[in-house]
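Structure first, commentary second.
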Amino acid sequence: MNIGVVCYPTYGGSGVVATELGKAMALEGHKVHFITYSQPTRLDFFNENLFYHEVDIKPYPLFQYPPYEIALSSKMVDVAKKENLDLFHVHYAVPHASAAYMAREILKVEGVHIPFITTLHGTDITIVGKDASLEPVVTFSINQSDGITAVSSDLKKDTYDHFKVTKEIKVIPNFIDLDRFKKQKKDHFKKAICPNDEKLIVHTSNFRKVKRVDDVVKVFNEIRKTTPAKLLLVGDGPERSAIEKLAEQTCSIDDVRFLGKLEAVEEVLSVSDLFLMTSEKESFGLAALEAMACEVPLISTNAGGLPELNQDGITGFICDVGDVETMSKKALIILDDNNLPQFKKAALKRAQEFELSNILPMYEDFYNKVVEDYKDKVSVK
């Protein structure tokens with residue numbers, strides 16, 4: 001199959017999932033064409049079935065903001081015709097679904113019939129899409145999609161609750177590459193950070209308010225009152241400076257390290273004992289799944305799709321958003337040397353259910369169904 005993939009090329013979860021899925025499809029023999037404004041960060045290896053098409057956005061004095069959606073639609077039309085695409089798969093509704101709709105309709109006029117699938121990832125529905133200025137277009141373009149997927153049942157429910165979506169949404173969860181995300185022997189790294197065998201706590205995110213990273217610091221501060229521990233904070237974003245100040249005020253500066261953005265985050269996860277995810281909204285929790293694959297148990301909130309991933313009392317514990325006291329108490333249960341090995345084992349076992357080889361066939365089957373249904377629809381007309 002010839003697949004056109006539209007995504008954001010940055011470190012965000014939707015771009016990572018889109019790129020890793022495209023790479024996996026290429027290895028299965030499908031031709032995958034990425035269409036976006038810069039090369040996706042995870043598109044980091046050569047394969048004869050992988051292609052990248054850059055959307056050219058020309059500045060023009062009339063526009064305060066370049067019209068990316070129009071440029072994207074035009075590029076999609078161009079690639080579809082030149083590469084004989086069978087399907088568009090767009091990740092993140094805003095503005096990719098409306099661009100795909102426009103491209104599909106333009107191609108129809110030229111006698112080319114290509115369906116498109118929209119995958120909903122989270123903030124495109126829970127935050128951005130709810131903006132009153134965008135909602136009508138988001139609703140329309142989702143309903144015009146020839147197939148719709150969501151990364152969790154909670155996100156599917158959110159979509160139906162907040163948008164007048166009339167089409168069926170198929171839940172296909174996020175996935176993990178267990179060849180990459182696995183526990184590695186990095187004992188020297190652990191010893192350098194925790195020279196006195198302290199427990200190592202980790203959090204990774206984009207440091208936005210919704211992640212509630214301040215709660216991570218507060219939970220850690222409670223843990224270290226009982227158990228010697230260190231905290232690693234991986235990532236960057238708008239709240240980082242405020243979190244740095246909070247850590248300085250409440251914790252020993254030697255116990256908290258800010259590592260910034262890391263490409264090889266699995267190396268940090270490999271030496272960690274506990275992952276904290278304190279978000280007030282999380283459509284799935286990809287960072288948590290990456291931790292579990294490296295045998296790191298979780299303390300997570302009950303927000304969004306996290307309860308669909310984290311098994312309370314088995315792979316970790318689920319707590320109310322903002323309940324620092326309970327999170328701290330549950331964390332100490334996990335970190336107890338009598339309990340930690342079992343939690344680590346359970347975390348890995350759960351992560352294996354989301355291994356890429358289990359999820360990839362779901363997408364392939366859905367692709368085939370959408371293409372066949374669209375052919376039938378066109379032939380009837």
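The values are calculated or read from the model by the stated rules, or taken from the named source; none is laboratory data. Everything quoted here is computed from the prediction, not taken from an experiment. For neighbour counting, all protein chains shown are included, and Cβ atoms are generated from backbone atoms with ideal geometry for every residue, glycine included.
Here are the numbers for the structure shown:
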read-out	value
Single residue of T226, T301 found to be of a type in the set (V, I, T) and surrounded by fewer than 20 Cβ atoms within 10 Å (Cβ to Cβ)	T226
Residue check, L340 closer than 22 Å to V210 by Cβ, aliphatic (A, V, I, L, M) and not assigned by TED's automatic domain parsing to the domain that holds S153	no
Residue within segment 344-357 that is more than 22 Å from E168 (Cβ to Cβ), at pLDDT below 95, out of contact with any strand residue (DSSP E or B) (no Cβ under 7 Å at 6 or more places or on another chain) and not aliphatic (A, V, I, L, M) present	yes
Options E290, E295, E308; residue that is in contact with a Ser or Thr (Cβ under 9 Å, 6 or more places away or on another chain) and under 16 Å from H203 (Cβ atoms)	E290
Residue list for segment 298-346, filter: farther than 19 Å from L231 by Cβ and among the hydrophobic types (A, V, I, L, M, F, W, C)	A303, L306, L309, I314, I318, V321, A346
Segment 238-257 residues that are free of Cβ contacts under 8 Å to residues at least 12 places away in the same chain, paired with ones that are among the hydrophobic types (A, V, I, L, M, F, W, C) and part of a helix (DSSP H, G or I) (beta carbon under 8 Å, 6 or more apart)	I253/A247
Top-ranked residue of segment 232-268 - restricted to ones that are part of a helix (DSSP H, G or I) and acidic (D, E), ranked as surrounded by the fewest Cβ atoms within 10 Å (Cβ to Cβ)	E248
Test set (1) within 17 Å of V219 (Cβ to Cβ); (2) hydrophobic (A, V, I, L, M, F, W, C); (3) over 21 Å from the mean Cα position of the chain (by Cα) - V370 fails condition number	(1)
Matching residues in segment 11-27 - criterion: being in contact with a Pro (Cβ under 8 Å, 6 or more places away or on another chain) and polar (S, T, N, Q)	T19
Residue within segment 26-35 that is assigned to a helix (DSSP H, G or I) and within 25 Å of E364 (Cβ to Cβ) present	yes
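Okay, residues lined up against (1) assigned to a loop (DSSP other than H, G, I, E, B); (2) more than 14 Å from V268 (Cβ to Cβ); (3) acidic (D, E); (4) in contact with a Ser or Thr (Cβ under 6 Å, 6 or more places away or on another chain):
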| position | (1), (2), (3), (4) |
| --- | --- |
| V165 | yes, yes, no, yes |
| E168 | yes, yes, yes, no |
| K183 | yes, no, no, yes |
| K190 | no, no, no, no |
| P195 | yes, yes, no, no |
| I201 | no, no, no, no |
| D215 | no, yes, yes, yes |
| K218 | no, yes, no, no |
| K225 | yes, yes, no, no |
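Okay, residues lined up against (1) among the charged types (D, E, K, R); (2) farther than 23 Å from E353 by Cβ:
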site: A192; (1), (2): no, yes
site: R224; (1), (2): yes, yes
site: R240; (1), (2): yes, yes
site: C251; (1), (2): no, yes
site: R257; (1), (2): yes, yes
site: E263; (1), (2): yes, yes
site: E266; (1), (2): yes, no
site: S279; (1), (2): no, no
